[in-house]
Amino acid sequence: MKKRTLPTFPTANLGLLERLYKYGVVWIVLFIIFFMVHSNGNYLFRTVSSLVFAGMAYLLVVLTNKVLIELLLKRNRVVLFILLSILVLPSWAAAFTAIDSVLVHFIVGRSFVEIFSFPSLFVIFMVRLVWFITIYAIVLIFYYQRKENEEKVVSDQLKSEKLDMELRYLKSQINPHFLFNALNNIYSMVYTHDDNAADGVLKLSEMLRYVLVDCQAEMIPLSKEIKYVENFIDFHMMRMAGQRDVVFEQDVEKEDFMIAPMLLQPIIENCFKYSRLDTHPEGFVHIGIYQKGNVFRFEAVNTIAPNVVTNIGNGVGEKKSGIGQTNVQQRLMLHYGEDYRFDIQQEKGIYKVKIEI
């Protein structure tokens, strides 16, 4: 069901109207309008009556804002707010009608008997009531529009803060064990004069730069995410002797395709953590990143121990794994709304994850 909203006014226009209200321009304009449409031909009466109308309109606005809205509507006393509104508006119209009748008697010179005849009195009352209902309705519209604008500002700030906290949290998600293992591997390569030592340092440097610098942005080019994945895979392969069934397939049409940073890292980390590559001869990890047009697709398939229980909330297995797949799904919702698919399957020792944006 779609949320119904009142007619919208840009925030800049609301600010302008508030300044016009503050400096009295609104009341001058209201006086001129009422003076121009007044039915009586006596200019002195029209002037005084218009001044009284502008004054009562001002008091109605103050009463509506300070009492009806501030003390009742904002405190969810809706029933009392409605009852007092029903009481105030006719009372205001009746008071102005009485004042107008007195002004007609003293300025125009008409008798009270003629003034207070029911037909003429009722017509004057209804016209005044329509004026005050219109002013009252405008005050309420501006109140709800101002409230909606304020809620939108707060919502945008919360979303921005949430993204900022999320990115800072992601920076802390480099697995300390993985980092220590990487440093130990590099140390071993340096100690044994392995030619891959320099390459290992470079890859680690690129990964840290990506997490600490590139991930500051809300969205990053797909090429940077792919480079991070490549370095991540290479680092895991450095500590494994012999050949392993690890495949990273890429088919990318636009390298500058924008994606949320480190969106894939928790899933890839799980792939290596539970694939048993280093202990099981049939263990494998197959990862694919595909992009064409406005569609991005990610697939990850890995072996998994038969007795491992999947837990989407904390990643695969009973232990928590990084920020977990629930966090991945939350980030997908945050960045892409409903324009994504996130599927997880497990069958016969094979674990599959698919993401489509």
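The values are calculated or read from the model by the stated rules, or taken from the named source; none is laboratory data. None of these values were measured; they are calculated from a predicted model. All Cβ positions, even for glycine, are placed from backbone atoms using ideal geometry, and neighbour counts span all protein chains on display.
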Close pairs from region 277-297: first in the same structural domain as I350 (by TED's automatic domain parsing) and outside any strand (DSSP E or B), partner surrounded by fewer than 18 Cβ atoms within 10 Å (Cβ to Cβ) and of a type outside the set (S, T, Y), Cβ under 6 Å, at least 6 apart:
L277/R244; D278/M240
When region 206-224 is checked residue by residue, the ones that are surrounded by 17 or more Cβ atoms within 10 Å (Cβ to Cβ) and touching a residue at least 60 places away in the same chain (Cβ under 8 Å) are L222
Kindly indicate whether A260 is under 16 Å from V328 (Cβ atoms) and touching a His at 6+ places or on another chain (Cβ under 6 Å).
yes
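Could we say that N76 is within 36 Å of the chain's Cα centre (by Cα), farther than 23 Å from V123 by Cβ and outside any helix (DSSP H, G or I) here?
On the way: within 36 Å of the chain's Cα centre (by Cα): yes; farther than 23 Å from V123 by Cβ: yes; outside any helix (DSSP H, G or I): yes.
Against the criterion (within 36 Å of the chain's Cα centre (by Cα), farther than 23 Å from V123 by Cβ and outside any helix (DSSP H, G or I)), N76 qualifies.
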State which residue is modelled with the lowest pLDDT when the search covers only region 268-283 and only residues that are closer than 11 Å to I304 by Cβ and crowded, with 17+ Cβ neighbours inside 10 Å.
R276
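One line per residue, one yes/no per condition, for (1) in the same structural domain as Y143 (by TED's automatic domain parsing); (2) out of contact with any strand residue (DSSP E or B) (no Cβ under 9 Å at 6 or more places or on another chain); (3) surrounded by fewer than 18 Cβ atoms within 10 Å (Cβ to Cβ); (4) over 22 Å from V29 (Cβ atoms):
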residue	(1), (2), (3), (4)
L44	yes, yes, yes, no
S49	yes, yes, no, no
A57	yes, yes, no, no
N65	yes, yes, yes, no
V78	yes, yes, yes, yes
I82	yes, yes, yes, yes
V88	yes, yes, yes, yes
W92	yes, yes, no, no
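Being closer than 20 Å to A137 by Cβ, part of a helix (DSSP H, G or I) and of a type in the set (A, V, I, L, M, F, W, C) is the filter; apply it to region 1-30 and report the residue that is modelled with the lowest pLDDT.
L14
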Within 28 Å of D214 (Cα to Cα), at pLDDT 80 or above and assigned to a loop (DSSP other than H, G, I, E, B), is that true of D256?
yes
